[in-house]
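A.B. asks: If you scroll down you'll find the structure; I have some questions about it.
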Amino acid sequence: MNGTSDRHGARTDRRGFLRRLAGATTLVATGFAAQKAFAEDAALDALIGDAQRGSFGQNFDEASRTIHMPKASEPTVSTATAQTTEQAVERYEAIVNRGGWPQIPSVSVLRLGDRHPSVTPLRARLAASGDIDPNAAGNDVYDSYVEGAVRRFQARHGITVDGIIRPETLAALNVPAPVRLAQLKVNVTRLRALGADLGPRYVLANIPAARIEAIENGVAVSRHTAVVGKPDRASPEINSKIVQINFNPYWTVPPSIVQKDLIPKMQDQPDYLTKNHIRIFDGRQHELEPSQINWYSQDATHYSFKQDPGSTNSLGSIRINFPSQYGVYMHDTPLKNLFGEDFRFHSSGCMRVQNVRQLVAWLLEGTKSWLLEDIDRVIKSGERKDAQLTKPVPLHWVYVTAWQGADGVVQFREDIYGKDGLPGAQAATGN
């Protein structure tokens with residue numbers, strides 16, 4: 001079969017698939033089914049006609065294969081990240097010199113199969129940043145190429161990858177190119193300051209990305225979604241070493257949380273401490289009852305509060321310790337639902353780690369008697385136990401909002417704490 005027949009067959013298959021997709025959608029609707037089917041057929045005809053005229057047919061199919069998603073094994077920060085991010089600065093200087101990219105008019109939702117005037121500037125915007133081939137510009141149909149480009153854009157910006165334009169994705173798209181360029185320049189300086197000697201084995205936590213990585217020999221061997229500090233209780237930048245793991249830990253409530261959270265909770269819910277298995281101790285470690293404290297005064301700030309191990313413990317089943325002047329640590333959490341959010345800035349400075357058992361198993365490699373099955377056994381037993389790392393693992397909590405890895409993919413995250421000092425760099429949040 002010749003190439004022309006192959007292309008005709010591909011168009012026919014694509015058309016048939018899209019028609020079936022459109023048909024499945026219209027089965028759900030009532031009343032306007034016939035009108036909707038006619039409109040969708042007209043949109044498909046226009047789309048297929050563009051492909052047949054060469055607007056973005058086979059050439060775009062071939063070019064789109066060179067547009068990649070971020071590599072899962074590529075570390076956010078390695079010895080070469082400062083240099084590769086400098087290359088991104090050059091790329092974005094060229095984008096700015098060409099006039100940047102267009103703003104996309106406000107729209108509530110755009111998804112596969114839609115036809116809307118905002119899709120035309122959306123295509124131009126995605127082409128300017130290299131998320132879609134320029135041959136795909138000039139069309140107002142939200143087709144599979146646009147959806148794929150949006151998915152790539154979302155992955156590069158730390159947004160849930162679903163290929164749908166919602167307010168958060170739209171806000172990130174509309175951050176101007178000069179702001180993104182300035183953001184890259186700010187982060188080149190940060191990356192240089194980190195230095196090139198990070199070691200062969202370390203843990204990196206990027207605060208704006210709310211992401212933790214275990215790095216070994218230049219490869220991210222595991223990635224972990226994190227929940228980090230609120231903007232008004234920021235997680236600090238840290239260079240330390242992980243030295244100890246606590247299993248089934250007690251949680252001693254920090255004084256700041258007693259003041260800001262616990263006292264108001266007790267005023268509103270007098271049984272809060274009892275329900276959450278938090279006990280009160282005076283300076284001589286004598287236990288007190290909640291009823292002995294005046295919760296409408298500062299009495300509570302003179303006592304210590306300790307939460308028992310268990311399913312309600314705020315640290316979950318694991319705490320990861322390292323020396324720090326800030327008194328912070330990484331830990332498990334009973335609130336697993338928070339890991340599914342795009343906005344993961346809910347803690348009081350510490351970091352909650354998704355799939356923390358996997359990270360701890362990696363940390364304890366080489367530490368006698370601590371295989372994954374040993375970790376699971378101790379957690380299940382509820383026994384309070386500590387494990388000292390035979391060789392402490394370097395830890396870096398960094399604040400990096402823009403970078404390019406060795407994979408050539410430029411990534412951005414919201415400047416959640418406003419450290420970049422760039423108006424418009426925080427526009428990507430829907431919170």
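Each value in this text was obtained by applying a stated rule to the coordinates, not by laboratory testing. Computed from a predicted model, the values in this text were never measured in an experiment. Positions of Cβ are generated from backbone atoms using ideal geometry, with glycine treated the same way; all protein chains shown enter the neighbour counts.
A.B. asks: Where the centre of each part is set by its Cα atoms, how far does the stretch 176-195 sit from the stretch 130-163, in angstrom?
C.D. replies: 24
A.B. asks: About its Cα centre, how strong a charge dipole does the stretch 255-307 have in debye, to the nearest 20, once Lys and Arg get +1 and Asp and Glu get -1 at the Cβ?
C.D. replies: Working: 6 positive and 7 negative charges, 35 e Å.
Magnitude of the dipole: close to 160 debye.
A.B. asks: Neighbouring Cβ atoms within 10 Å as the yardstick, rank H331, H396, H277, H302 fewest first. Could you put the intermediate results ahead of the total?
C.D. replies: Details: H331 23, H396 19, H277 15, H302 10.
Exposure proxy ranking, most exposed first: H302, H277, H396, H331.
A.B. asks: With charges set only on the Cβ (+1 for Lys and Arg, -1 for Asp and Glu), what does the dipole of the stretch 228-357 come to about its Cα centre, in debye to the nearest 20? Please list the in-between numbers first.
C.D. replies: Numbers: 14 positive and 13 negative charges, 84 e Å.
Using Cβ point charges on Lys, Arg, Asp and Glu, the stretch 228-357 gives about 400 debye.
A.B. asks: Once you compute Rg and the Kirkwood Rh from C-alpha atoms, what is the Rg to Rh ratio for the stretch 170-286? Before the final figure, lay out each step's value.
C.D. replies: On the way: Rg = 20.5 Å, Rh = 18.9 Å.
Across the stretch 170-286, the Cα-based Rg/Rh ratio is 1.08.
A.B. asks: How much length is gained on full extension from S311 to T79, taking 0.36 nm per residue of separation minus their Cα-Cα distance?
C.D. replies: Values: separation 232, 0.36 × 232 = 83.52 nm, distance 4.00 nm.
Contour length minus the Cα-Cα distance gives 79.5 nm.
A.B. asks: Taking the Cβ of W101 as the center, what net charge do the other residues with Cβ under 11 Å away carry, scoring Lys and Arg +1 and Asp and Glu -1?
C.D. replies: Working: positive: R98, R123, R125, R180; negative: D131.
It works out to a net charge of +3.
A.B. asks: Whole angstrom only: what separates the Cα centroid of the stretch 307-358 from the Cα centroid of the stretch 228-281?
C.D. replies: 10
A.B. asks: In nm, give the distance between the simple-model label positions of S324 and A406, each being 7 Å from the Cα along the Cα-to-Cβ direction.
C.D. replies: It works out to 2.8 nm between the two label points.
A.B. asks: Roughly how big is the stretch 101-175's charge dipole about its Cα centre, with Cβ charges of +1 (Lys, Arg) and -1 (Asp, Glu), in debye to the nearest 20? Display every interim value, and only then the final one.
C.D. replies: Values: 8 positive and 8 negative charges, 23 e Å.
Using Cβ point charges on Lys, Arg, Asp and Glu, the stretch 101-175 gives about 100 debye.
A.B. asks: Once each part is reduced to its C-alpha centroid, what is the distance from the stretch 371-422 to the stretch 71-120 in angstrom?
C.D. replies: Centre-to-centre (Cα) distance: 26 Å.
A.B. asks: Compute the distance in nm between two label points, each set 7 Å from the Cα along the Cα-to-Cβ direction, one at R192 and one at K391.
C.D. replies: Each label point is offset 7 Å from its Cα along the Cβ direction, giving 3.2 nm.
A.B. asks: If I stretch the segment between T120 and D162 completely, what's the gain in nm (0.36 nm per residue apart, minus their alpha carbon distance), one decimal?
C.D. replies: Working: separation 42, 0.36 × 42 = 15.12 nm, distance 1.99 nm.
In short, 13.1 nm is gained.
A.B. asks: What does the convex hull of the alpha-carbon atoms of the stretch 335-406 project to on average, in nm²? Working shown, then result.
C.D. replies: Working: hull surface 29.8 nm².
Projected area, direction-averaged: 7.4 nm².
A.B. asks: How long is the gain from T367 to R201 if the chain were fully straight, where each residue apart is worth 0.36 nm and the alpha carbon distance is subtracted? Write down the numbers at each step before the final one.
C.D. replies: On the way: separation 166, 0.36 × 166 = 59.76 nm, distance 1.49 nm.
Answer, rounded to one decimal: 58.3 nm.
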